[in-house]
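Some notes on the structure that comes next.
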Amino acid sequence: MKNILKRKLAAGSRPVGSFFELGSEFVVEALGKTGLDFLIVDNEHGPFEAERTADFVRAAELAGIAPLARVREISRPAVLKLLDVGAQGIVVPDIHTLDQVRALVEYAKFSPLGKRGFCPSRKDGWGFDYPATEDLRTNMEYCNSETLLIPQCETVGCLENIETIAALEGVDGIFIGPFDLSISMGVPGQFEHPDFVRALGRIRDACRSAGKFTMYFTVHADQVARGFRFGFDAMTFSLDARVLIQAYRDAIRRIREESAP
Ligand code: 3PY
Ligand code: MG
């Protein structure tokens, strides 16, 4: 498993992804034709579990899109299963404390960084993908470096600890969830509120100082470039379902206008 998103981030090439909610390999395949860099298979708000996630991960690999997955909860099985089916990174919602992130490093990273459990699985071609198959240490180091652990900053608790969380060894980057963060800050949906914008700057700066990346989420295409200008390293644009609905709405409106009797 070679993580193409990691390489794009390292090259500063401003990767753009989307949440995946529609739950069909056909959709993943179609998205492969769009130029998207990564998908986040949403096990938090979407209806998926690890078994179906494996199908979407496989389809994304074939389509040339980096497959990430958002975990449903902070627990060893939730993290382990998504990584073992081959998610190239996990996005973890609803973090409130530093201890939760320490636990995540334990679940998501192999020794010596963490205590991830090992079994040959899809992630390493059941042990046949690496030249050093027999060398467990090499395999673990490779997985640690190719698998991205991305906690979400979307609560005031996480925000208050963001400098320490971002600097934690094993954390690769931070995903900012603007909806939940704004709700937690008492300014729901007010993404231009000065306190909210200050919080975004704080998260971005904490990540920069720690040498980690930041990802931001927006449902508006015209906000994506703005996010990059603000200093975020990757942007997640909307959800497959929303983009589909909007595209049909725009087309149907235009068709109706042009076809009016
Ligand atoms: C948020 O905005 O809270 C997110 O988690 C994005 O899905
Ligand atoms: Mg959220």
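The values are calculated or read from the model by the stated rules, or taken from the named source; none is laboratory data. Quick caveat, the model's predicted, so the values are computed rather than measured. Every residue, glycine among them, receives a Cβ derived from its backbone with ideal geometry; neighbour counts consider all protein chains shown. Surface accessibility is based on the protein's heavy atoms, side chains included, excluding ligands, DNA and RNA. Shrake-Rupley method; radii C 1.70, N 1.55, O 1.52, S 1.80 Å.
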statement: Reported to the nearest 10 Å², F179 has, with a 1.4 Å probe, an accessible area equal to 100
- line: Using alpha-carbon positions, the gyration tensor of the stretch 107-192 gives root eigenvalues a ≥ b ≥ c; with a/c under 1.5 called rounded, otherwise prolate if a/b exceeds b/c, else oblate, the class is prolate
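For the full complex of protein chains and a 1.4 angstrom probe, list D94, D84 by accessible area with the highest value first. Don't skip to the answer; put the middle values down first.
Details: D94 80, D84 30 Å².
Putting D94, D84 in descending order of accessible area: D94, D84.
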message: Nothing charged except the Cβ atoms of Lys and Arg (+1) and of Asp and Glu (-1): what's the magnitude of the dipole of the chain about its Cα centre? Round to the nearest 20 debye.
response: 460
task: Report, in deg cm²/dmol and to the nearest 500, the calculated mean residue ellipticity at 222 nm for the chain, where each DSSP H run with n ≥ 4 adds -39500 (n - 2.57) and the sum is divided by the residue count.
output: -13500 deg cm²/dmol
- request: Over 20 Å between C-alpha atoms is what I'm after, so list which of K8/K81; K115/K212; K8/K212; K33/K81; K33/K123 land there.
  value: K8/K81; K115/K212; K33/K81; K33/K123
task: Compute the separation of the alpha-carbon centres of the stretch 214-261 and the stretch 41-62 and state it in Å as a whole number.
output: 22
- request: Calculate the translational D of the stretch 106-261 in whole µm² s⁻¹ from Stokes-Einstein, where the hydrodynamic radius comes from the Kirkwood formula applied to all Cα pairs, the temperature is 4 °C and the viscosity 1.567 mPa s.
  value: 71
statement: Projected onto the charge dipole of the stretch 128-261 (unit charges on the beta-carbon of Lys, Arg, Asp and Glu, signs +1, +1, -1, -1), the Cα from N161, A260, V197 with the largest positive-side position is that of A260
message: Please report the net charge: other residues with Cβ closer than 15 Å to the Cβ of K212, K and R +1, D and E -1.
response: 0
statement: A chain fully extended from R14 to S259 at 0.36 nm per residue, minus the present Cα-Cα distance, gains in nm 84.2 nm
message: So, R0 is 41 Å and r is the distance between the beta-carbons of T97 and R249; what FRET efficiency does that work out to, to 0.05?
response: 0.50
- prompt: Accessible surface of R14 in the full protein assembly, 1.4 angstrom probe, to the nearest 10 Å²?
  reply: 130
Inter-probe distance in nm under a simple model that places probes 7 Å from Cα toward Cβ, at E141 and F118: 1.2
task: Mind putting a number on the dipole of the stretch 103-220 about its Cα centre? Charges go on the C-beta only, +1 for Lys and Arg and -1 for Asp and Glu, and I need it in Debye to the nearest 20.
output: 40
statement: With label points set 7 Å from each Cα along the Cα-to-Cβ direction at E106 and V156, the distance between them in nm comes to 2.8
query: Quick one: how many Å² of V85 are accessible to a 1.4 Å probe, rounded to 10?
result: 30
field: Set of aspartates and glutamates with alpha-carbon distance to K2 below 17 Å, sequence-local pairs under 8 removed
entry: D37, E61, D84, D124, D129, E141, E146, D172
For the chain, average projected area of the Cα convex hull in nm²: 14.9
message: Ordering D135, D37 by accessible area with a probe of 1.4 Å, largest first, what comes out?
response: D135, D37
